[in-house]
Amino acid sequence: MPTKRLYYDDPCLRDFACQVLHCEPAVRNSHSAPLYEVITDVTAFYPNSGGQPSDRGTLAGADVVELGIPFSDPLADGAVNQEAALRALRHGASLRDVLGMVKMLRQRSHVPIVLFTYFNPVHSYGLDRFGPDCRDAGVDGVLCVDLPPEEAGEYKASLDALDIATIFLLAPTSTDKRIETVSRHCTGFVYYVSRTGVTGEQARVGEDVRAMVAKIKQHTDKPVAVGFGISKPEHAAEIARYADGVIVGSAIVRMIGELGDSPETAPKVGEFAKSLADAAKHA
């Protein structure tokens, strides 16, 4: 289906809604942040033609979606994410349901999807089925927060064989040796936890985050994304100046929990995601 060119009808159009039809990795910039070639069903971006430079802009919202697998004992999560997991479990949600959701999303979007999980649901589901079912659903990566790389041999081998990224955590207390080990086992990106403790919102970004990201980058050329505690556009803008990715979880989960099934949920969450993305991309 050819992309409809909105600039013929309104050459001054600045905002428009579109659906992503195709997305694939392109070149990387000097900071090794991933770039993508995207095809949408409609566009207001005029191409470079006849000496006129092409239009520029951003796609609102997340570049990658992290989707949590509900678990009854989420030790790495704060109160907001724990309550969300319990709500999901009370409604009977399971790993199989989440994979079904991914498959449904794949009918509408090619945005990369990373599963956030603990190892217990994966083990209960069956490691021999987990990787193939992730692949068939359209999962791009998995972050297993309580599985260290030293104990992840079979798990990592099964996902590597299916070209599904395996992501591990680094913390403020990680030593140089630990950074080397974790970075070597990560595919996709390295996840840096910006503070010790559990997930949740915080008032400001720690002063040592920039220095730790720089230290990690001395050991790897893989993208480094920062998460835990990031909840405001100003946080996203600050971190985007030196990291390759900004991860926001609890603030969005809290908003969804407060709004519930309201018709305002999707628009308000989308507006918040756009504010975070805009802040990061214009930092």
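Data for the structure
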read-out: Options A152, A93, A137, A88; residue that is free of Cβ contacts under 8 Å to residues at least 60 places away in the same chain, under 24 Å from A225 (Cα atoms) and surrounded by fewer than 21 Cβ atoms within 10 Å (Cβ to Cβ); value: A152
read-out: Test for L13: is it touching a Phe, Trp or Tyr at 6+ places or on another chain (Cβ under 7 Å), more than 30 Å from F168 (Cα to Cα) and modelled with pLDDT under 85; value: yes
read-out: Set T166, T173: member being surrounded by fewer than 16 Cβ atoms within 10 Å (Cβ to Cβ) and touching a Ser or Thr at 6+ places or on another chain (Cβ under 7 Å); value: T173
read-out: M104, sole failed condition from (1) under 19 Å from the mean Cα position of the chain (by Cα); (2) surrounded by 14 or more Cβ atoms within 10 Å (Cβ to Cβ); value: (2)
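The values are calculated or read from the model by the stated rules, or taken from the named source; none is laboratory data. On a predicted model such as this, the values are computed, not experimentally measured, just so you know. Cβ: placed from backbone, ideal geometry, glycine included. Neighbour counts: every protein chain shown.
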